[in-house]
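A short write-up of the structure that comes next.
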Amino acid sequence: MRFLTGCFLTAFLVLAYNYTRAQAGFPVIHGKVSDERHLAAEASPVMLFAAADSSIVKHVFCDKNGRFTITVKPGKYMLLVSRIGYAQIYKGPYELKSGDDIAVPEISLSPYLPILPELKEVSITAQREYIEVKPDRTILNVQSSPVAQGNSALEILQHDAPGVHADTHGNISMLAHQNALITIDNKPVSLTGQDLYDYLQSIQGNTIQRIEEIYSPSAKYDAAGAGIINIVLKKSSNAGTNVTVNAGAGYGNFYKANAGVNFNNRMGKVNVFGNYSYADNKADHKILTDRTINYRNILSDYDVDYYATLQNYNHNFRIGTDYAITVNHTLGVLISGTNNNYDKEKNNSLYITNQGILDSIIKTKSQVNGGLSNISYDINYSGKLDTAGKTLSADFVFNNINRRYDEDIDNNFYNAAGSSYRPALYLQNLSPSGIRIWASKIDYANPLSKTALIEMGIKFSWVKSNNDLVFGPKVNGVYQSSSLSNNFIYNENINAAYINYTNNIGKVNLIAGLRAEQTNSDGNSITKMTLVKKNYLDWFPHLKLNYSADEKNEFNFSYDRGLTRPPYELVNPFVNFVDLYDYKKGNPNLLPQYTNNIQITHTYNKILKTTLYGMVVTNFSKFVDYVQNDSSKVSVDSTRNFGTYYVAGLKFYAPVTFTTWWDAKFLLDIAYQRLKAYPGNGDLDKGTPDINFSSTQHFTIGTTIDADIIGKYESPNFYGIGQNKSQYEVNADISKKLFNKNGTLSLGINDIFNTYRDRSTINYQNLNMTVYDKIETRKVTLNFTYRFGNISLKGTKKHDTGNEEEQNRAGGVAGSAP
């Protein structure tokens, strides 16, 4: 391990050093942008794009003096300068050679005129780098990767996203293994666990514009314990009609297929947009557990071989319209939804051994027919209130989520010789549920000066979840309801308000905010006649300081406090049957976990980034806890507030250009994490290092072919109560542009060596167990995308709905308004 760590550090430092030296010979282009009054056009975007294929190479903003500076490798380029309310200006082309220092004459912007016929002759293909790293976030520009467009959102997070860990149980994290808040167009998704896993699997990459990993979100966002992963869906606001179609197929252990269409039509004041995608995906899942129990000097082994195949049929749709009431006021309506139907076949073999001698075998087979539908209705408004820049936006959203789960379970019992020793046991497990979410929010922004801005807003949400469990054996050919059956109703109301203050003070940019969230909830187990009520008020401060020491050195400091509320399914007290000796159970007394997070970042030359971070999590509960009864041999999987979790780490990011056709990005994250149990949960007080390393190698072959090789590695670590083995994978892809670059054909291979799996050992208190968990990850995919219509470079307007966090916890989402 020390040798491996040393190799990574040495390679990283050598590459960073060589890159810094290489930068010295790169040409520089700089200039000044002013408005019609010859005043500095501060914060105006300046794009540098390749003259050969119009692909964007660099994107910077003018400083307070209206000046910009771009360092780039030698080549032929053009400049595009833009500003809201002003006409775009193109300059160039410029032939930049090694060592050049080009001063562009002052660029003067002119107010935008309603009719600019000359712009019709300009056609630009905006091609950003696939992975962009900024001081406060990492961005995956999915539309820049033809292969990513053919994968699902889940697969992009699993295989491409730097620093993101997505396991087989729907846990998705990007910092210290703590679950990130998943949002769609800045709106939380109300799904967790298997529902979240299935939902992200159903979102096709061709419907995604980009994915943002936001490490320290402001107080405007719902309080998040460990950052936000924001999936921004495609929506064009170009005039005329634009359509993109795609189709793909793949094969791993089973076949996969997907198809979809995106469209928008903007005529005058009305913009109609939407998409539809379908995915048919079959995959398998294998889990091996070995549980050793020492009871009254008898050593028993309960070994389980679990194998399941899951076939999903996913439909996603979104259709909406924006109406420009006036130039400054827009009203939008959006209806979106997902419908996921699945068939699952489970085979579970339990081998019971006493004193090393096989005692018996229990084979459990089950057929599951399930599904989840989520329809979202959203009405939104956004407006500019005056010429000073005051804005107001509002959203009202209703979500209707329905889940069904019908399972027939057959248990057959055999002795060591393979003969049946008791009659088969037939069980029925029916667990439908319905979730209704109402959410509304209002946001207001007021520029206090040219550099200062104040934002404030309020949000209200109401959730009602009705869950039924009908569980019992078949007696005389008729299923009976057992004592495990239950009806559980959960109600929750969250009232939130926030205020943000932003200002530029010399070289320092300040963002300070405070968010308050009041929670009222009650969980009523009607059958068991138990009621659990919770009422609490929490305050979440946020502070971010950005200091630009000079043109090449930038420092960021951020502090925020957040919480992670338990998913609705974890507070549901239902008992979920796995086999006769293995159950899963919810905990209605589960409390939120709270996170305090500090990060200090240094960015050199807007390229090399180093981040020092620390995190303390109280009421820590983000792992599966096992409670084992040695006498009955039954193990119950549950979640409880276990203790306090501490993390300190250092992250390095460096892009390296080897040649004009080969560049790479490297990310190294070295952390130390420690968990200390609360009294009553044992005496655990243990720490471990955790090293994450990822590399993306990009190759440009001519003007129409691109290829990537992506590798990820995580070292062995101790997390929760389990000692985890290392994880690693390698992915590759190649794409070819066709039909005057309007079409793209791509071929990708995920997890080439089939090495991505979870392996852990648990040895705590009376529990001694090993776990091997492997889903189907190796697959080959072939995708074709074609776009037609009025394709031009233009910004996209986005709307936020108000129920993202609630949808995230509900376990299923409909999609959100952009």
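The values are calculated or read from the model by the stated rules, or taken from the named source; none is laboratory data. Since the structure is predicted, the reported quantities are computational estimates derived from the model, not experimental observations. Neighbour counts run over all protein chains shown; Cβ positions are idealised from the backbone, glycine included. With ligands, DNA and RNA removed, areas are computed over all heavy atoms of the protein, side chains included. Shrake-Rupley method; radii C 1.70, N 1.55, O 1.52, S 1.80 Å.
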Put 443, 408 in order of accessible area, largest first, probe 1.4 Å, and you get 408, 443
Region 276-361, relative contact order in percent, only Cα pairs under 8 angstrom and at least six apart counted: 32
Coil-residue trypsin sites (Lys or Arg not before Pro) of region 248-303, DSSP, other Cβ within 10 Å capped at 12: 269, 296
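State to the nearest 20 debye the size of the charge dipole of region 672-733 about its Cα centre, where the only charges are +1 on K and R beta carbons and -1 on D and E beta carbons.
On the way: 5 positive and 8 negative charges, 72 e Å.
Around 340 debye, computed over region 672-733.
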P(r) of the chain over all Cα-Cα pairs, binned every 10 Å from zero, in whole percent: 2, 12, 22, 26, 20, 10, 5, 2, 0, 0
Amide H proximity to residue 234 below 5 Å, modelled H, separation 5+ or other chain, gives 208, 209
Calc'd 3J(HN,Hα), region 705-714, phi into Karplus 6.51 cos²θ - 1.76 cosθ + 1.60 (θ = phi - 60°), Hz, glycine/Pro = x, comes to 10, 10, 9, 9, 10, 10, x, 9, 9, 10
Give me a comma-separated list of calculated 3J(HN,Hα) values for region 727-742, in order, Karplus coefficients 6.51, -1.76, 1.60 applied at θ = phi - 60°, integers in Hz, x for any Gly or Pro. 10, 7, 7, 9, 10, 8, 7, 8, 9, 10, 7, 10, 6, 6, 6, 8
Given a 1.4 Å probe and the protein chains all in place, what does the accessible area of residue 379 round to, in Å² to the nearest 10? 100
Classify region 496-617: rounded, prolate or oblate, from the alpha-carbon gyration tensor (a ≥ b ≥ c, eigenvalue square roots; a/c under 1.5 rounded; otherwise prolate if a/b is larger than b/c)? oblate
Give me the percent of the accessible area of the chain that comes from carbon and sulfur atoms, probe 1.4 Å, all protein chains in place. 58
5 angstrom amide H check on residue 390, placed H, neighbours 5+ away: 385
List the lysines whose alpha-carbon lies under 29 Å from that of residue 474, not counting same-chain residues fewer than 8 positions away? 286, 344, 346, 363, 365, 528, 584, 585, 633
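Can you tell me the FRET efficiency between residue 672 and residue 476 if r is taken as the Cβ-Cβ distance and R0 is 56 Å, rounded to the nearest 0.05? Please report the intermediate quantities before stating the final value.
On the way: r = 60 Å, r/R0 = 1.08.
According to the calculation, E is roughly 0.40.
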If I take every Cα pair under 8 Å that is 6 or more residues apart in the chain, average their sequence separation and divide by the length, what percent do I get for the relative contact order? 13
Length-normalised contact order for region 414-567 - Cα pairs under 8 Å, 6+ apart - percent: 16
Region 743-783: chymotrypsin sites (Phe, Trp or Tyr not before Pro) in DSSP coil with no more than 12 other Cβ atoms inside 10 Å: 753
Report D for region 510-568 in µm² per second (integer): Stokes-Einstein, Kirkwood Rh on Cα pairs, 20 °C, 1.002 mPa s. 141
At 1.4 Å probe size, with no ligands or nucleic acids counted, give the accessible surface of residue 515 in Å², nearest ten. 10
Using a 1.4 angstrom probe on the protein heavy atoms only, line up 662, 462 by accessible area, largest first. 462, 662
When every protein chain stays in place and a 1.4 Å probe is rolled, 174, 47, 456 sorted by accessible area with the largest first are 456, 47, 174
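Run lengths n ≥ 4 of DSSP H only: what is the helix-derived mean residue ellipticity at 222 nm for the chain, with -39500 (n - 2.57) per run over all residues, to the nearest 500?
It comes out at -2000 deg cm²/dmol, rounded to the nearest 500.
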Reachable aspartates and glutamates, given that their alpha-carbon falls under 17 Å from the alpha-carbon of residue 606 and they are not under 8 places away in the same chain: 63, 129, 132, 136, 550, 551, 554, 663
Angle between the chain longest axis and helix 2-23 axis [Cα atoms, degrees, rounded to 10]: 10
May I ask you to give the solvent-accessible area per residue for region 619-684, in square angstrom, as obtained with a 1.4 angstrom probe? 41
Residues meeting the amide H criterion for residue 719 (H placed from the backbone, H to H distance under 5 Å, 5 or more places apart or on another chain) are 724
Sparsely packed GluC sites (Glu not before Pro) within region 497-579, loop by DSSP, other Cβ within 10 Å at most 16: 551
So what does residue 652 come to for accessible area, using a 1.4 Å probe and Å² rounded to 10? 40
In terms of the alpha carbon gyration tensor, root eigenvalues a ≥ b ≥ c, rounded if a/c is under 1.5 and otherwise prolate when a/b exceeds b/c or oblate, region 695-759 is prolate
Each residue of region 175-184 in order: what ³J(HN,Hα) in whole Hz does its phi give by Karplus 6.51 cos²θ - 1.76 cosθ + 1.60, θ = phi - 60°, with x for Gly and Pro? 8, 6, 6, 8, 4, 7, 7, 8, 10, 10
What FRET efficiency comes out for residue 298 versus residue 415 if R0 is 22 angstrom and r is the Cβ-Cβ distance? Round to the nearest 0.05. 0.75
Helix 193-202 axis, angle to the chain major axis (alpha carbon atoms, nearest 10°): 40
Magnitude of the Cβ-charge dipole (Lys and Arg +1, Asp and Glu -1) of the chain about the Cα centre, nearest 20 debye, reported as 1000
For region 391-449, what does the accessible surface come to per residue with a 1.4 Å probe? Please give it in Å². 46
